Each structure stands twice: as C-alpha cells, then as structure tokens.
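The values are calculated or read from the model by the stated rules, or taken from the named source; none is laboratory data. Keep in mind that this is a model prediction, so the values were computed, not measured. Every residue, glycine among them, receives a Cβ derived from its backbone with ideal geometry; neighbour counts consider all protein chains shown.
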Amino acid sequence: MAAARPDPTMRQLKAQLWRRARALGLAPLGAAALDGKATRQRLADAERHLQAFLRAKRHGDMGWMARPERAHVARLLPQAASALVFGLNYAPPTDPMERLAHTGSGNISVYALGRDYHRVFKRRLKSLGRWLEAQGGGMVRHFVDTAPLMEKPLAAAAGLGWQGKHTNLVSRRYGSWLFLGCLLTELKLPPDEPHGDYCGSCRACLDVCPTNAFPAPYQLDARRCLSYLTIEHKAPIPRELRRALGNRIFGCDDCLAVCPWNKYARQARDAELAHRTELDLPPLTALAALDESGFRRLFAGTSIVRTGRERFVRNVLIALGNAAHEGGAQGDAMRAESEAAIVARLSDGAPLVRGAAVWALGQYLSAAAMGVRARAAHKKEAEASVRAEWEVFL
Ligand code: B12
Ligand code: SF4
Ligand code: SF4
C-alpha cells in the first residue's frame, strides 16, 4: 500500500509557519506526528528512562519532575496531533572554558548572561501559535521549559538533532548551544525525519565533567551536576563537591562547551539575548556583598533573579573559598579583600549564606585560627546546619 501523501494545504501551512519562525530567529525546527509509531516509541522510551531516573532519586529535590503528565503529551493538550519544536541559538562568541581561569571572578553560565530566554522564546512562540490558530488550526499551546513536557525527546523526534551523551540535544548545524521550545497543535502538519545519533566513540563531555555527574553515557545524576547544585538545590552544597565548583556561580557549561559539533555553530546574533557586560566575570567580592535589593537590581530580567539572593550568594562564597587555593593568582591584597568579604557574611541573616561563609573562611585561615572562631561562634548559632559547619573546626 502506498504511504499516505501529506495534505498539500498542510504542507503549505507548514512552509509558511517555518518562514515566520525563521524571521523570528527560530531555527532549527521540525514537526513530529504524535500518533506516529516512531514518536510514540521515542516518548515511551523517554518515559521509561524518566521513571528510572526518578526511582534512582537522580532528580534530587526537584520534586516537580515526578508530575505524571511530564511524559504524556496528551495530558497537556488531549487533541494534539503534532508537536512543532523550535531551537533558539545561543552560541557564545568565545570558548566559555576560558572563563574558568578567572578565579577571582564569578563565572555565570552562557545561557544566563542575557535576558531570561524563557520570556524571549515564549513571546515568539506565542505569536506563532496565535497565527496558527488564526489559520483555523484549532487550539495551540506553547511551552519553553514552563510546563511538565519532555522537550529533548520531542525535539529529537521532530528531527532537530539527537540527545548526546551529555543528555542535551545536539544539532549537526548548531552544536549544543540551543534552547528548545515547542508548540502542540491539533493540526496534522507533515512530520520531519528524526535523525541518528552522531556521538560515535566521542566521550569528551563525560570526561570533562568536574563532578563525574554522568553514571553512564546518556544518563545524568542531577544531584552531582553543578547546574543543579548552583541553581535548583536549596540546601547547602554537599561538602565533597564544593571544590569542584571552582568559580561557577550559576550553571555550568563544560559538557556543552567541549562538544566537537560546536565547530559548526555560528555565534548567536540575537539582540534580545545579547550578553550583559556587567555579568561578564564580575568580581566575587562585589557579588558577595549584594543585599536583596542590589541583587534584584543587578539581575532584573535575567534567569538568575528566580534563584534568589540566598542561593546565589551561597555559590559566590563557595567560589571565593575556592579562589584561596589559586596561589599566585590571588595576591596578598586580593586575599585580604576576599577574606573581608567572607567575614562580612558570617553574620548574614540567611543560614544558607552563613554556612557557606564558614566553609569559605576555612579555606583561607589555619585550622587553629578557625578553631578559635568556631568556639566563640558555635554556641551563639541558632541554626543546626550552620553549627555543623563550625563543628568541623572544634
Ligand atoms: C530538569 C532539567 C535540568 C536538570 C536535569 C538535567 C537532565 N539532563 O535531566 C538540571 C538542573 C541538572 C539541568 C541542567 C541543565 N539544563 Co536543563 N532542563 C531540565 C528540564 C526542565 C527537564 C529535563 C528532563 O526531563 N530530565 C529528565 C531526564 C530523565 O530526561 P532527559 O534529560 O531527556 O534524559 C534522557 C536521557 O538521560 C536518556 N536516558 C536516561 N537513561 C537512559 C538509559 C539508557 C540506556 C539510554 C540509552 C538513555 C537513557 O533518556 C532520557 C529521556 O529522554 C528541561 C526542559 C524540559 N521541560 O524538558 C531543561 C533543559 C533540558 N535544560 C537545558 C539546559 C540549557 C541546561 C543546562 C545546559 C544549563 C546550564 N548551562 O547550566 C544544563 C545542562 C546539564 C546537563 N548535562 O544536562 C535545555 C537543553 C537544551 C538542549 N539543547 O537540549 C532544556 C531543554 C531547557 C530548554 N527549554 O531549552 N536541567
Ligand atoms: S553541566 Fe557541568 S557539572 Fe553538570 S553534567 Fe555538565 S559538565 Fe557536569
Ligand atoms: S561531546 Fe561527544 S559524546 Fe558528548 S554529546 Fe558531543 S559528540 Fe556526543
């Protein structure tokens, strides 16, 4: 039996939509038929892997990941026939790995250096969705990491690329630097071909990870990932992973940055995602001193603001502690400045910040000097988590 030919009206509509999407800076793009055998198989695999991930507790304290609709597109829009997936290129102008050497400065992940991508992307998807609805497309819903939807397997099903060993979507034309967004529609737009896995024998992303967060290729234990620990994790950063954090104070780019497919990526030119110069390697000492309003002012409109001051300053203090081990890179004046910035946070109102300050100071002072401080501070400290940090020196 001959395969069903795509409806020419749908083909035309898709071509028009793609033109509009490209004009909005969205590429690559692709469509997946939700009732197609290949897509159903891919989503069933994704669900199986998600359940294994949850059972192994690899999601840490991201409890929202267990919502049942995450792997079931139909629960988000029961009448959905197609998933239209879009990429938004955010390839940086220089290699982000170079930033790791600036130990006295805060290294903010590339994706967070400009305006919050959720807002930028969502606005563009919304306008595409409205247009599609106006063409008689029935109900259309848009998603950018804002609903329980597994965007990477859908993007792979729609032919944008494949999920690499670092678990993110890699494109042969754009490398690893892509945000993903999705429209669900009732229309049956002609689907695109999914394409194969081009990781081959490469394992650069697995080997570069500073915390060994990949238990196996294609699997991530979020609890060890610095992106999770610096952005999502609300408690103190586990002691054994603090040194590995280096100067990464918000997210981590290492596994994406080493991907050889990035050599085909072209630097992003999206004005709305332009990097803010004040976020490019700011001094850690200044960041440690941020109060609530200073934090909100500095990061207004970025994704950083959602993490809040307490978690952010916790990260900054860990990075300041790490800078103590950089020997010649930190001169005496710089060491004194760092120590003063840390000491000022020992009396911070937030236990999360005080606890990180204790650890950071311990990287500068001798055990004896910390012991003296610990004996005085320990009794006065009301919070168990901070007392535990002092107890290390008693
Ligand atoms: C939760 C989450 C995180 C968590 C967990 C990440 C993860 N890999 O699961 C944390 C906080 C760590 C995180 C970090 C980052 N994230 Co994030 N994150 C998400 C989110 C909200 C859900 C991802 C998810 O469902 N994870 C659950 C796991 C089970 O699913 P999965 O990653 O698809 O895992 C697959 C594989 O592991 C595989 N698998 C699992 N077990 C096995 C076993 C075998 C045998 C095989 C073959 C396969 C296999 O199958 C799984 C299902 O497809 C998505 C947005 C969304 N709504 O989808 C963004 C998203 C994935 N994140 C994104 C980004 C940019 C990042 C960071 C780069 C940010 C940064 N610079 O700090 C890092 C990258 C870290 C990394 N190596 O993944 C982008 C990725 C874009 C892309 N090109 O893929 C997304 C899509 C957001 C967006 N809309 O653009 N993120
Ligand atoms: S983002 Fe960093 S810590 Fe997380 S898996 Fe990639 S390299 Fe490892
Ligand atoms: S770095 Fe290598 S193994 Fe990792 S995603 Fe890229 S090609 Fe695949």
- Message: For residue 254, only one of the following conditions fails: (1) within 18 Å of residue 178 (Cα to Cα); (2) free of Cβ contacts under 8 Å to residues at least 60 places away in the same chain; (3) among the acidic types (Asp, Glu). What is its number?
- Response: (2)
- Any hit, the range 104-121, residues being touching a strand residue (DSSP E or B) at 6+ places or on another chain (Cβ under 8 Å), within 16 Å of ligand 3 (Cβ to nearest atom), over 23 Å from residue 190 (Cβ atoms) and assigned to a loop (DSSP other than H, G, I, E, B): no
- Filter result for residue 298 (away from ligand 1 (no atom under 15 Å from the Cβ), aliphatic (A, V, I, L, M), free of Cβ contacts under 8 Å to residues at least 24 places away in the same chain and surrounded by fewer than 21 Cβ atoms within 10 Å (Cβ to Cβ)): yes
- Exactly one of 129, 104, 87 is on the phi < 0 side of the Ramachandran plot and in contact with a Pro (Cβ under 6 Å, 6 or more places away or on another chain), and that residue is 87
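For every residue, the table says whether it meets (1) touching a residue at least 40 places away in the same chain (Cβ under 8 Å); (2) outside any helix (DSSP H, G or I).
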| residue | (1), (2) |
| --- | --- |
| 304 | yes, no |
| 325 | yes, no |
| 334 | yes, no |
| 337 | yes, no |
| 344 | yes, no |
| 359 | yes, no |
| 364 | yes, yes |
| 368 | no, no |
| 377 | no, no |
- residue 197 fails exactly one of the following numbered conditions: (1) in contact with a strand residue (DSSP E or B) (Cβ under 6 Å, 6 or more places away or on another chain); (2) away from ligand 3 (no atom under 16 Å from the Cβ). What is the number of that condition? (2)
- Message: Can you go through 340, 374, 356, 323 and tell me which one is touching a Ser or Thr at 6+ places or on another chain (Cβ under 9 Å) and buried (at least 21 other Cβ atoms within 10 Å of the Cβ)?
- Response: 323
- Given the conditions (1) of a type in the set (A, V, I, L, M, F, W, C); (2) within 13 Å of ligand 1 (Cβ to nearest atom); (3) within 20 Å of residue 57 (Cα to Cα); (4) surrounded by fewer than 19 Cβ atoms within 10 Å (Cβ to Cβ), every one holds for residue 235 apart from (2)
- All-but-one check, residue 265 against (1) surrounded by fewer than 17 Cβ atoms within 10 Å (Cβ to Cβ); (2) modelled with pLDDT under 95; (3) within 20 Å of the chain's Cα centre (by Cα), failing number (1)
- Item | Hey, residue 325 at pLDDT below 95 and either more than 22 Å from the chain's Cα centre (by Cα) or in the same structural domain as residue 246 (by TED's automatic domain parsing) (or both) or not | yes
- Query: helices (runs of 4 or more DSSP H) wholly in the range 1-80 with at least 3 residues that are within 16 Å of ligand 1 (Cβ to nearest atom), modelled with pLDDT under 95 and farther than 30 Å from residue 268 by Cβ - which ones?
  - Reply: 37-55
- Item | Options 277, 285; residue that is of a type in the set (S, T, N, Q), surrounded by fewer than 18 Cβ atoms within 10 Å (Cβ to Cβ) and either modelled with pLDDT of 95 or more or over 18 Å from the mean Cα position of the chain (by Cα) (or both) | 277
- Message: For residue 173, only one of the following conditions fails: (1) surrounded by fewer than 19 Cβ atoms within 10 Å (Cβ to Cβ); (2) away from ligand 3 (no atom under 16 Å from the Cβ); (3) at pLDDT below 95. What is its number?
- Response: (2)
